[in-house]
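These notes concern the structure reproduced below.
Please treat every number below as a calculation from the coordinates, not as lab data. Note that the structure is a prediction, hence the values are computed from the model and not measured. Don't worry about glycine lacking a Cβ; one is built from the backbone with ideal geometry, like all the others, and counts go over all protein chains shown.
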Amino acid sequence: MDPRVPPLMPVVPVREGYDQWAPHYDEYDNAVIALEQPISTRLIGEVAGARVLDVGCGTGRHALRMVEQGAEVTGVDFSTGMLDVLRAKLRHPEALTLIEHDISGGLPTPDQGFDLVLCCLVLEHLPRLDLMLAELARVCRPGGRVVIADFHPEMFRRGLHARFRPGANAEKLQIQGIDHTISDYVMATLGAGLTIVEIAEHLMDADTAARSPSASKYIGEPMLLTLACRRTS
């Protein structure tokens, strides 16, 4: 075990964990999100006029920006707490369609309904990547794009998954996760009939650590895996 990795801590179920985290999520010093946000924003690109599905939208860190850019966005999440935080931010509720749903049973949206399907920091919590990637492909129109960002499998190897403190002086908790490998992601993506346009492993860097104090101990370590894909048929 890497000496920089904290000792094992209590593990909580996924929905319970995100419901507890929700009130503090947007202000929490999260090294992975500090690294992921600008990378995913680049991969998402221009979305004005696009129909977008944000799978695991959480408190809306991607969804709200895409709405502001003129996209027609649908967000899906199963955490009531996270969606409540997102709803409280909406000045125009009609601008964003929100669906509370457990995606482990599939997506509650029609075939080929979206130009872009986004899934960020979600797949680590799902046991069957093949089933979820098939769903991401199903709801994407031919010629459309699927963008995925997830915690790097090297972190899983070290025993890390999403973790947080539910309060300032509370014990840190880890949210239940699955130890996928890079080949798991690649094979599930290809098996879903998607073409991988770009795959990248992202190291924590000094610029990100300057924005996230908790990131400093991970500088030089792989913390994020991203895939930009296209549905060709």
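Key figures
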quantity	calculated
Test item: Cα-centred dipole of the range 61-159, Lys/Arg +1 and Asp/Glu -1 on Cβ, debye	260 debye
The range 11-231, relative contact order [Cα under 8 Å, separation at least 6], %	23 percent
Inter-probe distance in nm under a simple model that places probes 7 Å from Cα toward Cβ, at residue 26 and residue 69	2.0 nm
Prolate/oblate/rounded label for the range 37-78 (Cα gyration tensor, a/c 1.5)	oblate
Descending principal axes extents, the range 11-231, alpha-carbon based, whole Å	46, 40, 33
Cα centre as origin, Lys/Arg/Asp/Glu Cβ charges: the chain dipole, Debye	140 debye
Placed amide H near residue 121: partners under 5 Å, 5+ positions off or other chain	149, 150, 151
Residue exposure sequence - 185, 18 - by fewest surrounding Cβ within 10 Å	185, 18
Euclidean distance of C-alpha centroids, the range 162-228 and the range 143-159, integer Å	6 Å
Radius of gyration, Dmax [the range 103-170; alpha carbons; angstrom]	15.0, 49
In Hz, Karplus ³J(HN,Hα) per residue of the range 21-28 (6.51, -1.76, 1.60; θ = phi - 60°; x = Gly, Pro)	6, 3, x, 10, 4, 5, 9, 6
Positive-end residue of 186, 32, 69, charge dipole of the chain with Cβ unit charges	69
Rg/Rh ratio calculated on Cα atoms of the range 1-130 (Kirkwood radius)	0.97
Helix axis angle, 182-191 relative to the chain longest principal axis, alpha carbon, degrees	10 degrees
CD proxy at 222 nm, helix term only [per DSSP H run n ≥ 4: -39500 (n - 2.57); per residue of the chain; nearest 500]	-8500 deg cm²/dmol
Among 8, 48, 139 the positive-end extreme of the charge dipole of the chain (Cβ point charges)	48
Ratio of the Cα radius of gyration of the range 41-115 to 2.2 N^0.38 Å, where N counts its residues	1.04
Cβ crowding within 10 Å averaged over residues, with 54-61, 210-217, 29-36, 150-157 ranked highest first	54-61, 29-36, 150-157, 210-217
Footprinting exposure proxy for 136, 86 (fewest neighbouring C-beta atoms within 10 Å first)	86, 136
